[in-house]
Amino acid sequence: MKVKAAVLYEVNQPIVVEEVDVDGPKAGEVLVKIAATGVCHSCYSVITGKEKWPLPAVLGDEGAGVVEAVGSGVSLVKPGDHVVLSISPACGHCIYCVRGYASLCLKAAQMRERPPRYGKNGKGIYQFTVASFAEYTVVPQEAAVPIDQDLPLDKAALCGCSVVSGVGSVANTAEVKLGSSVVVIGAGGIGLNAIQGAALAGAAQIIAVDLVEAKLEMARQFGATHTINASNGDPISEIHALTEGLGADYAIEAIGTNVTYEQAIRAIRPRGKAILIGLPQSEPICLEPQLLMNGERIIMGSALGSTRMRYDVPRLISLYRAGKLKLDELITQTYPLEAVNEAFEDMLNGKVARGVIRF
C-alpha cells in the first residue's frame, strides 16, 4: 500500500515528505491509520544525530489513530478501535511488567526493533518508534492502547509521549507529595506537563526555569507559581532563595544537557529527588560525592514517566474529561504533514507548547 510519510534520509538535513510503500501487519502487529501526531523533541534528536537511529527512517513518536487491520494472533485490539500509540510497548509478562514497571519492559526493544515496514524503489525505510509521521503505520499490538471513541484523536495523541512523560515523572517516578516544592527545568512540551502534573499532585510551590520568556509565560498558565529566566545567570541561587535556602523537594529536568542535569541536582535540598527526563548527552557529568552523601540526595532517571500505558492513559483521559488535565491548551498550532519542517522550527523557537500534525 502506498502512503504519504515524512522521511529523514540524512542527519541535519530537512525531512522529505513523499509517497512510500508500507507492508501490511504481520503476526502480532496492527495497521493504524494515523489521525494526529505531536511534534516531539525526541524526533529532533534523531534529526541532529544526538539519538542514533538507522536511516532512512519515518519519524514520529507521539500519535493516535484508528486500527485498520490486524495480523494473526492479535487479541488486544480489533479493526475500528481508536488507539494511542506507545513508544514503549510492554509485554505484560517479564519481571518488570509484573512488578508494575512496564516502562522498563525487557522485551520492549525486541518488539520495536523489527525489519523495515516501509520502503521505496525496493529499498527499506526504518521506523523511529511508532513512525506516526505517516498516513499509516504498523506497530506491535502491545504498542496500541485502546481509548474511548468520542475522545478527539489530536488530544489523545499527546498521551503517547509528552503528557505521560511529564505528568508521569511527577506522579510515578518522583511521587511528589502534597504541599511540597517542585522545580521544573525546561518548559517545553514535556516540562509543561511536568508542571501541570505537579499542580495535580498538590505541590505548593512550582518553579519553572527556562531561557525563553514566552515559554515561562506558558508555564504560568499550566500551574507554575514562580518562574526563573535562566538567561539572566545561574538559576540555582534564585531557586534556593525561593525555598528557604535549602533547595526544592523535587527537581524535574526536561531538557537533556549536562548543564541542566547538574542544575537539577544542585537545586534540591537534602533528601530531595532529582528526576532526569531529558534525552542525555554521551559525555559524563561530574559531581562532588559530598553533594550526595552528606545530603542523601536521590537522582533518578524517568523512562516515559515510569508509565504503565494501559493503566495510566485511561486515568489521564479521565482527568481531562474532568477538566483537570490541560490537553486543549497544549495544542497551540496544527500543521499538515507537508509543513513538518516548519513545525520543528516553531518548536525550537519556543512558539508552541505543542505542535500537532493532523492528517
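The values are calculated or read from the model by the stated rules, or taken from the named source; none is laboratory data. Model, not experiment: these values are computed from the prediction. All Cβ positions, even for glycine, are placed from backbone atoms using ideal geometry, and neighbour counts span all protein chains on display.
If you take the residues of region 320-332 that are assigned to a helix (DSSP H, G or I) and under 24 Å from Leu216 (Cα atoms), which of them is nearest to the chain's Cα centre (by Cα)? It would help to see each step written out before you state the result.
Residues of region 320-332 that are assigned to a helix (DSSP H, G or I), as a first pass: 320-321, 328-330.
From what's left, under 24 Å from Leu216 (Cα atoms): 320, 328-330.
Working: Tyr320: 18, Asp328: 17, Glu329: 17, Leu330: 13 Å.
Among residues in region 320-332 that are assigned to a helix (DSSP H, G or I) and under 24 Å from Leu216 (Cα atoms), the one nearest to the chain's Cα centre (by Cα) is Leu330.
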Within region 333-347, can one find any residue that is more than 18 Å from the chain's Cα centre (by Cα) and part of a loop (DSSP other than H, G, I, E, B)?
-> yes
Every pair of residues 6+ apart whose Cβ atoms lie under 6 Å, when the first sits in region 101-113 and is charged (D, E, K, R) while the second is buried (at least 17 other Cβ atoms within 10 Å of the Cβ) | Lys107/Cys91
Note on Leu316: of the conditions (1) out of contact with any helix residue (DSSP H, G or I) (no Cβ under 9 Å at 6 or more places or on another chain); (2) in a helix (DSSP H, G or I); (3) of a type outside the set (Lys, Arg), unmet is (1)
Can you name the residue in region 288-299 that is surrounded by 14 or more Cβ atoms within 10 Å (Cβ to Cβ) and either assigned to a loop (DSSP other than H, G, I, E, B) or in the same structural domain as Val46 (by TED's automatic domain parsing) (or both) and is also modelled with the highest pLDDT among such residues?
-> Arg297
Could you list all residues from region 55-79 that are at positive phi and over 26 Å from the mean Cα position of the chain (by Cα)?
-> Gly73
How many of the residues in region 32-46 are more than 14 Å from the chain's Cα centre (by Cα) and surrounded by 24 or more Cβ atoms within 10 Å (Cβ to Cβ)?
-> 2
Here is a list of conditions, (1) buried (at least 24 other Cβ atoms within 10 Å of the Cβ); (2) under 22 Å from Met309 (Cα atoms), and Tyr118 meets all of them except one; can you say which number that is?
-> (2)
Go through (1) touching a residue at least 24 places away in the same chain (Cβ under 8 Å); (2) assigned by TED's automatic domain parsing to the domain that holds Thr37; (3) in a loop (DSSP other than H, G, I, E, B); (4) under 28 Å from Ile252 (Cβ atoms) one by one and return the number of the condition Lys155 breaks.
-> (3)
Look at Val22 and say whether it is without any contact (Cβ under 8 Å) to a residue 40 or more places away in the chain, within 18 Å of Gly119 (Cβ to Cβ) and assigned by TED's automatic domain parsing to the domain that holds Thr334.
-> no
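Keeping to region 51-76, report how many residues are out of contact with any helix residue (DSSP H, G or I) (no Cβ under 6 Å at 6 or more places or on another chain) and over 21 Å from Gly355 (Cα atoms).
Total satisfying the criteria: 12.
Per-residue answers, yes or no, for (1) in a helix (DSSP H, G or I); (2) touching a residue at least 24 places away in the same chain (Cβ under 8 Å); (3) crowded, with 22+ Cβ neighbours inside 10 Å:
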site	(1), (2), (3)
Ser237	yes, no, no
Ile252	no, yes, yes
Ile255	no, yes, yes
Thr260	yes, yes, no
Ala264	yes, yes, yes
Arg271	no, yes, no
Ala274	no, yes, yes
Gly278	no, yes, yes
Ser282	no, no, no
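Can you spot a residue in region 208-216 that is free of Cβ contacts under 8 Å to residues at least 12 places away in the same chain, part of a loop (DSSP other than H, G, I, E, B) and either assigned by TED's automatic domain parsing to the domain that holds Ala264 or under 20 Å from the mean Cα position of the chain (by Cα) (or both)? Steps first, please.
At the first step, the residues of region 208-216 found to be free of Cβ contacts under 8 Å to residues at least 12 places away in the same chain are none.
Scanning region 208-216 turns up no residue that is free of Cβ contacts under 8 Å to residues at least 12 places away in the same chain, part of a loop (DSSP other than H, G, I, E, B) and either assigned by TED's automatic domain parsing to the domain that holds Ala264 or under 20 Å from the mean Cα position of the chain (by Cα) (or both).
Condition (residue is β-branched (Val, Ile, Thr), over 18 Å from the mean Cα position of the chain (by Cα), outside the structural domain of Ile265 (by TED's automatic domain parsing) and surrounded by fewer than 22 Cβ atoms within 10 Å (Cβ to Cβ)) applied to region 143-151: is it met by at least one residue? Quick ask: steps written out before the conclusion?
Residues of region 143-151 that are β-branched (Val, Ile, Thr), as a first pass: 145, 147.
In the following step, the residues that additionally are over 18 Å from the mean Cα position of the chain (by Cα) were identified as 147.
Narrowing further to those that are outside the structural domain of Ile265 (by TED's automatic domain parsing): 147.
Filter again for surrounded by fewer than 22 Cβ atoms within 10 Å (Cβ to Cβ), leaving 147.
Yes, the conditions are met somewhere in region 143-151.
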Of the numbered conditions (1) closer than 26 Å to Lys123 by Cα; (2) modelled with pLDDT under 95; (3) within 14 Å of the chain's Cα centre (by Cα), Gly49 fails exactly one; give the number of that condition.
-> (3)
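Scan region 273-318 residue by residue and report those that are of a type in the set (S, T, N, Q) and farther than 19 Å from Asp61 by Cα.
Keep residues of region 273-318 that are of a type in the set (S, T, N, Q), which gives 281-282, 290, 294, 302, 306-307, 318.
Those that are of a type in the set (S, T, N, Q) and farther than 19 Å from Asp61 by Cα: Gln281, Ser282, Gln290, Asn294, Ser318.
Only residues that are of a type in the set (Gly, Ala, Ser), assigned to a helix (DSSP H, G or I) and in contact with a strand residue (DSSP E or B) (Cβ under 8 Å, 6 or more places away or on another chain): list them for region 167-186, please. Steps first, please.
So in region 167-186, the residues of a type in the set (Gly, Ala, Ser) come out as 168-169, 171, 174, 179-181, 186.
With the extra rule that they be assigned to a helix (DSSP H, G or I), the set shrinks to 168-169, 171, 174.
Ser169, Ala174, listed by residue number.
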